[in-house]
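Written below as structure tokens is the structure these notes are about.
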Amino acid sequence: MIKKIICFYSLSVLLIFSSYSQKFELGLKAGPNFATQKISTITNVESITGYHLGGFMYLKLPIIFGIQVEGQYSKLGSEFQINQLINKNNLGYINIPVLIRNDFGPLNLHFGPQFGIMTNALDELKNSIKSQFLDRDFSLIVGIGLRLPAKFGLTVRYVKGLKNITDINVSNIDSKNTVIQVSLKYSLIQLGIKKNKKK
């Protein structure tokens, strides 16, 4: 209940603040994750394909840049081989990116931190391995976006994990998430944003 109240209050504040901004955008986004992990003791780590889905809110401030805040569920992980056995980590996160975004016509560049909360972790046999990992993750995002007709948009970004996600009390391994993320977004609300003209 408290979390719902906080979310509702935060949304209300942002909506009120949006009336003082030059642009406002609210929408949904989803797409594939090409995820892997940098693991200190393993060199042959391969990527896996996951997905993400969620929403975003963008406020263009009365200065050069704007702020884009997102909330998304994201499937990450990696695949690697130890003693000729295939191991696979399937990790689930609730991620909250807080990004600085600057628009250049239909293009935008964005970067900033991402805060993650692990919701589940499974191995290749669907057994829980969540106890091997920490509950929190912290990453840095760099990306580029393209505004498309009919309130659609396309985003490609690189997400580099900066925090060791392995619990050192369980395993003395340093591992960090790395993701290339491709998103298709749809804006439910667009205020003050010039729409692309169809040719």
Pairs beyond 26 Å (Cα-Cα), from Lys88/Lys151; Lys60/Lys176; Lys38/Lys185; Lys29/Lys176; Lys23/Lys163; Lys126/Lys176: Lys88/Lys151; Lys60/Lys176; Lys38/Lys185; Lys23/Lys163
Rounded FRET efficiency, nearest 0.05, which uses the C-beta distance separating Ser128 from Phe34 and R0 of 22 Å: 0.35
Neighbour-count order for Lys163, Lys176, Lys126, Lys60, fewest beta carbons within 10 angstrom listed first: Lys126, Lys163, Lys176, Lys60
Approximate spin-label separation Asn172-Lys23, in nm, with each point projected 7 Å along Cα-to-Cβ: 5.1 nm
For Ile193, distant residues with modelled amide H under 5 Å away: Phe24
Burial ordering of Asp103, Asp135, fewest other beta-carbon atoms within 10 Å first: Asp135, Asp103
Charge dipole (debye, nearest 20) of region 31-145; +1 at Cβ of Lys and Arg, -1 at Cβ of Asp and Glu: 140 debye
Exposure proxy ranking, count of Cβ atoms within 10 Å, fewest first, for Thr119, Thr178, Thr43: Thr43, Thr119, Thr178
Region 22-191 pair-distance distribution - Cα-Cα, 5 Å bins, rounded %: 2, 8, 17, 22, 16, 12, 9, 7, 4, 2, 0, 0
Convex hull of region 104-169 built on C-alpha atoms - directionally averaged projected area, nm²: 6.5 nm²
Partners for Lys130 among aspartates and glutamates (Cα-Cα distance below 14 Å; same-chain residues under 8 apart left out): Asp167
Asn44-Ala150 FRET efficiency (beta carbon distance; Förster radius 41 Å; 0.05 resolution): 0.40
Added length on full extension, which subtracts the Cα-Cα distance from 0.36 nm per residue, Phe115 to Ile64: 15.9 nm
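Values in this text are rule-based calculations from the coordinates and carry no lab data. Predicted, not measured: the structure shown is a model, and the values here were computed from it. Every residue, glycine as well, gets a Cβ built from its backbone with ideal geometry; the counts of neighbours run over all protein chains shown.
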